[in-house]
Amino acid sequence: MIPKGLKVGDTFVDFGLTYKVTKVVGENYESVRVGETSPKTLVVEQPNEDYSSMQYAQLKKLCAERGLDATGKKEELIARLEG
């Protein structure tokens, strides 16, 4: 699991491979595997996140980032994120 709170320049190990953070955007990290030059975007999941307190626009964005359908009512978006 990728740790939270990483900063540019930090390294972490995921599935036995070492990565270096090159960019931080919200809860997402762009990183390169040590020894590689092409960037990878990794999404950090927030366990037990309280989606009900999030604004509708935030939920839509989160759904889109996770490749989920971002249309519908707030309750529908929350169900997709929790599903």
Quick check on the stretch 2-25: of everything there that is under 21 Å from residue 59 (Cα atoms) and assigned to a strand (DSSP E or B), which residue is modelled with the highest pLDDT? 24
Taking the condition of being surrounded by 12 or more Cβ atoms within 10 Å (Cβ to Cβ) and either part of a loop (DSSP other than H, G, I, E, B) or of a type in the set (S, T, N, Q) (or both), how many residues in the stretch 55-73 meet it? 5
When the stretch 26-44 is checked residue by residue, the ones that are under 10 Å from the mean Cα position of the chain (by Cα) and either at pLDDT below 80 or farther than 26 Å from residue 59 by Cα (or both) are 26, 27, 41, 42, 43, 44
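The values are calculated or read from the model by the stated rules, or taken from the named source; none is laboratory data. If you're wondering where the values come from, they're calculated on a predicted model, not measured in any experiment. Because the Cβ atoms are built from the backbone with ideal geometry, glycine has one as well, and the counts that use them run over all protein chains shown.
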